[in-house]
Every structure is written in structure tokens, then in C-alpha cells.
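Working notes, structure below.
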Protein chains: 2
Amino acid sequence: MDVSIIGSGNVATHLAKALKSAGFNILQIASSTEENAKTLASQVDAGFLTNIDNLKAVDVLFIAVKDDAIAGLLPQLNNFKGIVVHTSGATPLDVFKPYVKRYGVFYPLQTFSKQVEVDFRKVPLCIEGGSKEIVDSLMSIANKLSNNVKEISSLDRKQLHLAAVFTCNFTNHLFSVGSDILEKGGLPFDMLIPLIEQTVEKIKHSKPKDVQTGPAIRGDETIINGHLELLKERPDLQEMYVFLSKSIKKMHSV
Amino acid sequence: MDVSIIGSGNVATHLAKALKSAGFNILQIASSTEENAKTLASQVDAGFLTNIDNLKAVDVLFIAVKDDAIAGLLPQLNNFKGIVVHTSGATPLDVFKPYVKRYGVFYPLQTFSKQVEVDFRKVPLCIEGGSKEIVDSLMSIANKLSNNVKEISSLDRKQLHLAAVFTCNFTNHLFSVGSDILEKGGLPFDMLIPLIEQTVEKIKHSKPKDVQTGPAIRGDETIINGHLELLKERPDLQEMYVFLSKSIKKMHSV
């Protein structure tokens, strides 16, 4: 089966490698940045191009670009032969309707960085399609890449994406804050890794709400005030500490 | 070597089991709640009591109670034979000075729940002592329990504890928020587990700041507005979303 990919960023890179490993023939990588297109194309034995008007017919064309760039590409794809899918959590299926006949969504619910390996077989793939036949085709492709494939509506996908922002993007930001605090104290961030791993281990077996710990849920004002005192030169972090502590107290006071 | 423990909560329970496994003789478990003292004592072949005036002499007495209860116990321990240590991240070493001759700190930098197993050998143990001899004794005990033992000052311990609140307590709260959002949409929280695991995997190899992803750092206002629209019936979560997105933008705009 022949596929092509528009995009050469984090998602495009991991998706291309996963497709290649699963035996798909990647015909072309298209990217407005020629250098990036070339780099990724060379890793998966594909051709590369910068003008999507020159894309050849394939069974499935994956669009893996920033959300707000998707709609802008579609007018150029209205004669495209094959299924056109995007890989976005937040963009509805409807985006394709005015432009493309056969379309779908192929959303990997994962955070990707080019330099960090991902076991793609564990990545939840959220599939949606413009018709039953398209859903079936995409599910069959997805099942070759991952053991965790689900048909998910646009609204549910949006909810998942929103929840992912809280649990992944915002969480990573808290890791950055913790790392900042330790760096200023000359302490190594990796001392926190076992704690962070255990925090995740717990929620595999329990509802996160049921395993909340810390001074806020205990109402330990002495510790809270001590922490705010430590942060006296970082009013922005003081504010965050107070904000999140209040939110914890609110969630747990029935 | 004989030890006893005041406390029967999460820290006391995991510490008692780790000490027992490492071959220490746990003489007594003291807790104001007789039932809890009894339960833990039976798990580690110890005696139990509710009145700490009746504690027998041991080499080390571990105090594993809420931070704000530590100081209140010390007047009763001023004739205690042996080293008295607390296990708190936020309480300074000085708390002992007016009351106890030989004292120290034995702080496990980990989150504990009675029902969740912990590999204690990976728990960072932060040691502090009132004298060189006490530090040596505590380091030697700690090294029998964990492969990750460090001598840490009271101020550094407080910084670590503060960073742990951000990276563990606040992070778990974000998991709770994500879980709430999915629950209301009838979606299973475990779809987010691979994403959460990968978020942690990344920061083992990179600075959290360097692997930040998501709509806030990309400045993707279309997605941000879509998410705020989804949260229109949860003004508290809208506020949190805006607050944390601003904080991400601030940290990354230099």
C-alpha cells in the first residue's frame, strides 16, 4: 500500500517511521521546509517535495502539520486520488467536507519529539472517517501500527485532546517549574524522577482523585506558608502555588 | 539493631516494611489511633502502643507523623535513649534542639499510599544529623534500605519538598482534572496513560523546558479558544487553563 505524508515535524517523523516499519511504502514527504522534507524522506526511503501540487496518487495521504495550517492545504487537494486524513486532536472531521471526497482522521494520542523514541504499538490511535468504508480502511491500517486503536468521534477526540493538554502539556510545565526551583538551589532534578514515576504508577491502579497527597489536601497551612516564603522572590510561582492549592482544596471539599 | 516508629500512616507503613526487609528489629509502633498501630505492628512483628511515654529504648526512633504534629511530641521524648529522627521534607533539623540530645532527619523523597507498592531501594533518602557521628549512623542505615542516599541540609530539603509539591502533588491534581473531563465525556482515563508515561520518559533524558509541547507554547490560539469553549460550563477549569497557558508562554518567551 502506498502512502504519502505532508509535514516533517514531530508527528510526521514518528508516523512515517511507524508506517515504514509496518511495511507501507512511503512514496513522498512534502514539507514547505525543503531541508526537513529531505531529512525525513531519506530516513524512510521516500521522495520529497515542497509543492503539494506535485503529490502523486497514493492510497492514503497523511496531513501532519500544525492545526491551523490544515484548512489552508485542502483547496489544493480537491482532485487528490485516495483518502486524505489529518492527524490532529482538535480539528473536526468536517474540515475536509468542502474540498475532499474521501477523508478521515488518524490521530495518535501521544506526545512526540523527534529525538525521543516511542513504542508506536502502544500509542492510542483515534480513527474517524467520512464513510463506513473509509473507517474500515483506516482501522485496518491503524491496527498494523498499534495495539490500541479506537473509532472516536470529533467531539470525543476534542475532549481527549483537551484532557491531554492538562495531563501532558501542563504537567510538563510543572516539571519545568520544579526543575527551575531545584536548579536555583543547585540541586539535581533527577532526584525527583522516582517520585514522578511513582505518581504515574499510582494512577494506573487508582483514580487520580483518590490518591491525591500533599499539604493542600491535608490543609497543612504551616507547610504551605513555608513554601510561599521560599518562593518570595518568585511571585509568579507563589501565585501558581496558591492557585493550584485552592483548586485541590475545592475539588476535595465535597 | 532495634528501631521503633511513631506513626502508622503511609510513610510509617512503607518505612516499617523497608526496615523489616532490611533486617532491622522493629520493637514498637506508636500511634494515637490504636487500630492503625495494631494493624501496622502485626505486619512487621512489632509491639504497639498509643502513649509514647511507654516507648522502650532503641537505637533509632523514627517519627513519621504529620509535620505539624512533630514539635508537639518532642517534650515527651527529652529523656529518650537513642537517636530520634523525623521523616519530613519541610521540618528543619532545629525542631529537635530544645528537647532532644541526639537527633536527625531521615526523609524519603517519595509519595506513599498504603495500598501501592514502592521499590524502596529506588527511593531517594535525604539524611541530616545533629553531629557527624549521627549522620554516619543514619547514612549507614539508609544505605541498607536504598541505593539513593544523600546528605541534604534543611534548606535544600525544603527546596526539594517544594519542587516535589509542584511535580507530584500538583501534577496528580492535573491528572484528576483530565480524569474529570474524560469521565464527563464518557471516555476512559486509561487512554491517556501512554501519553502520561511518555511525558515522564522525555524528562529522563531532556530538561522539561526543552521538551514542552502543546497549543500554549505554539501560540495556537484557535485550539486554545476551542478548548475554552469546551470548558464553558467549568469556569474554574477555564481559569486554570488560561493561567497555566500564560505561565507556559511567559517561561518560553525570552
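The values are calculated or read from the model by the stated rules, or taken from the named source; none is laboratory data. Only a predicted model underlies this, so the values are computations on that prediction, with no experimental measurement involved. Here Cβ is always computed from backbone atoms with ideal geometry, including for glycine, and neighbour counts include all displayed protein chains. Note: accessible area is taken over every heavy atom of the protein model, side chains too, but ligands, DNA and RNA are not part of it. Shrake-Rupley method; radii C 1.70, N 1.55, O 1.52, S 1.80 Å.
What net charge is computed for the residues neighbouring residue B:49, neighbours being all others with C-beta under 12 Å from the C-beta of residue B:49, Lys and Arg scored +1, Asp and Glu -1? With Lys, Arg at +1 and Asp, Glu at -1, the net is 0. Residue A:221 label point (Cα plus 7 Å toward Cβ) to equivalent points in the other copies: 4.2 nm, shortest first. Spatially close Lys pairs in region A:35-147, defined by Cα atoms under 17 Å apart and a spacing of eight or more places or different chains, total 10. About the centre of its Cα atoms, region B:1-99 shows a dipole size close to 140 debye [charges on the beta carbon of Lys, Arg (+1) and Asp, Glu (-1) only; nearest 20 debye].
Calculated on the alpha-carbon coordinates, the convex hull of the protein assembly as shown measures out at 155 cubic angstrom per residue.
Roughly how many debye, to the nearest 20, is the charge dipole of the protein assembly as shown about its Cα centre, given +1 on each Lys and Arg Cβ, -1 on each Asp and Glu Cβ, and no other charges?
Computed about the Cα centre, the dipole is about 220 debye.
What total accessible area, in Å², is buried where chains B and A meet, using a 1.4 Å probe and rounding to the nearest 100? Using a 1.4 Å probe on protein heavy atoms, the buried area is about 9000 Å². Could you let me know the centre-to-centre spacing of region B:58-130 and region A:42-110, using Cα atoms, in angstrom? Here the answer is 59 Å between Cα centres.
Considering only the Cα atoms of region A:25-173, their convex hull presents on average a projected area of 9.0 nm². Across chain A, the relative contact order, built from alpha-carbon pairs under 8 Å that are at least six residues apart, equals 12 percent. Placing +1 on the Cβ of every Lys and Arg and -1 on the Cβ of every Asp and Glu, with no other charges, gives region A:154-254 a dipole of roughly 520 debye about its Cα centre.
Apply the a/c threshold of 1.5 to the C-alpha gyration tensor of region B:121-243 and tell me whether it is rounded, prolate or oblate.
Here region B:121-243 falls in the prolate category.
Scaling the Cα radius of gyration of region B:26-104 by the globular reference 2.2 N^0.38 Å produces a ratio of 1.06. Of the GluC sites (Glu not before Pro) found in region A:192-251, those in coil by DSSP whose Cβ has at most 10 other Cβ atoms within 10 Å are A:233. Calculate, for residue B:39 and residue B:147, the FRET efficiency according to 1/(1 + (r/R0)^6) with r their C-beta to C-beta distance and R0 25 Å; round to the nearest 0.05. Efficiency for this residue pair is about 0.30. The aspartates and glutamates within cross-link reach of residue B:246, meaning a Cα-to-Cα straight distance under 18 Å and a gap of 8 or more places when in the same chain, are A:180, A:236, A:239, B:210, B:220, B:221, B:229, B:236. What net charge is computed for the residues neighbouring residue A:66, neighbours being all others with C-beta under 15 Å from the C-beta of residue A:66, Lys and Arg scored +1, Asp and Glu -1? Result for the neighbourhood of residue A:66: -3.
With axes computed from alpha carbons, what is the tilt in degrees of helix A:10-21 against the longest principal axis of chain A, rounded to the nearest 10 within 0 to 90? Once rounded, one gets 60 degrees. Any chance you could tell me what percent of the C-alpha pair distances in chain B go past 31 Å? Result for the distance tail: 39 percent.
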